[in-house]
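A short write-up of the structure that comes next.
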Amino acid sequence: MGIVPQFGFFFSRFLAQYAWMACPKTDLTMRGWLECEPAAVFVDVEYSVDSLVSHIHPESLATFIRKVIPLDTVKMAPVQVHAVVLSAFASIIAPFGGFFASGFKRAFKIKDFGDSIPGHGGLTDRMDCQVVMAVFAYMYYNACVKEVEVTIASILAQVQTLDPDTRLELYYALGNMLVGAGKLNNTEVFWKGPLPELVNDSAGN
């Protein structure tokens, strides 16, 4: 295990204890103190060492780790695990962004992407590895870290993509669920068959 993932593991735990690192900022000002209920990713969780080691291969490495950690359980925040993954990618894979950028420049027979930084080329020449890291961090966050919030607005947005017949089925299903939950009585139960024709009172006069 390299020094970068180790640093990421411990430093992320150090930063997670501060509200300015764990609480979301809703504006761009630096005034006031941030206070919030920490997200689950920043809260310590107790893990069984045996269950963690059981996923490690080969067995010789798992046995070595089990001897190094003579504990039955360990406490750590999930953000520490995510930090190890991101730091490992940053130290092993992201540097290949520089090789890709060099090959791209050779293909077009240019020395640098720009000349805004004397002696170093342009901004893109200094940020080639960061581009790869940014793409991976975005994908990793959305796939493994981000908590999906289900709101009425998000549900309605999905319902609007359905055809009218499917919406009607959903309407009936929700009605039956509410009756079963005791939120509606039998007199308010939704019509289960074809919709009855609306009667125009003025037509009978």
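List the trypsin sites (Lys or Arg not before Pro) in region 17-86 that DSSP assigns to loop (not H, G, I, E or B) and whose Cβ has at most 11 other Cβ atoms within 10 Å. Which are they?
Here the trypsin sites (Lys or Arg not before Pro) that fit, given the DSSP loop and packing criteria, are Lys25, Arg31.
Skip the ligands, DNA and RNA, and give the accessible area per residue of region 1-97 with a 1.4 Å probe, whole Å².
72
In nm, what is the difference between 0.36 nm times the number of residues separating Leu28 and His57 and their Cα-Cα distance? Before the final figure, lay out the partial values.
Details: separation 29, 0.36 × 29 = 10.44 nm, distance 4.54 nm.
Fully extending the segment from Leu28 to His57 adds 5.9 nm.
Mind listing the phi-derived Karplus ³J(HN,Hα) values for region 67-82, rounded to whole Hz, using 6.51, -1.76 and 1.60 with θ = phi - 60°, and x for any glycine or proline?
Rounded to whole hertz, the list is 6, 5, 10, x, 10, 7, 9, 9, 10, 7, 8, x, 5, 5, 5, 4.
Rounded to the nearest 0.05, what FRET efficiency do Thr73 and Leu170 give with R0 = 41 Å and r taken as the Cβ-Cβ distance? Could you check? Working shown, then result.
Values: r = 45 Å, r/R0 = 1.09.
That pair, Thr73 with Leu170, gives E of 0.35.
Measure off 7 Å from each Cα along the Cα-to-Cβ vector at Phe99 and Phe64, then give the distance between these two points in nanometres to one decimal.
2.5
Rounded to the nearest 0.05, what FRET efficiency do Val85 and Leu178 have when you use their Cβ-Cβ distance and R0 = 45 Å?
According to the calculation, E is roughly 0.55.
With a ≥ b ≥ c the root eigenvalues of the C-alpha gyration tensor of region 1-99, is it rounded (a/c under 1.5), prolate (a/b larger than b/c) or oblate?
In terms of gyration-tensor shape, oblate.
Give a quick list of chymotrypsin sites (Phe, Trp or Tyr not before Pro) in region 1-91 that DSSP marks as loop, anything other than H, G, I, E or B, with at most 15 other Cβ atoms within 10 Å.
Tyr18, Trp33
Using the basic label-point model (7 angstrom from Cα toward the beta carbon), what is the Val43 to Tyr138 distance in nanometres?
Spacing of the two 7 Å Cα→Cβ label points: 3.1 nm.
Starting from 0.36 nm per residue, how many nanometres of slack lie between Asp163 and Arg106 once their C-alpha separation is accounted for? Intermediate values should be presented prior to the final figure.
Numbers: separation 57, 0.36 × 57 = 20.52 nm, distance 5.26 nm.
Here the segment from Asp163 to Arg106 would lengthen by 15.3 nm.
The values are calculated or read from the model by the stated rules, or taken from the named source; none is laboratory data. Since the structure is predicted, the reported quantities are computational estimates derived from the model, not experimental observations. As a convention, Cβ positions derive from the backbone with ideal geometry for all residues, glycine included, and neighbour counts pool all protein chains shown. Quick note on the areas: whole protein, heavy atoms, side chains included, nothing else; ligands and nucleic acids left out. Shrake-Rupley method; radii C 1.70, N 1.55, O 1.52, S 1.80 Å.
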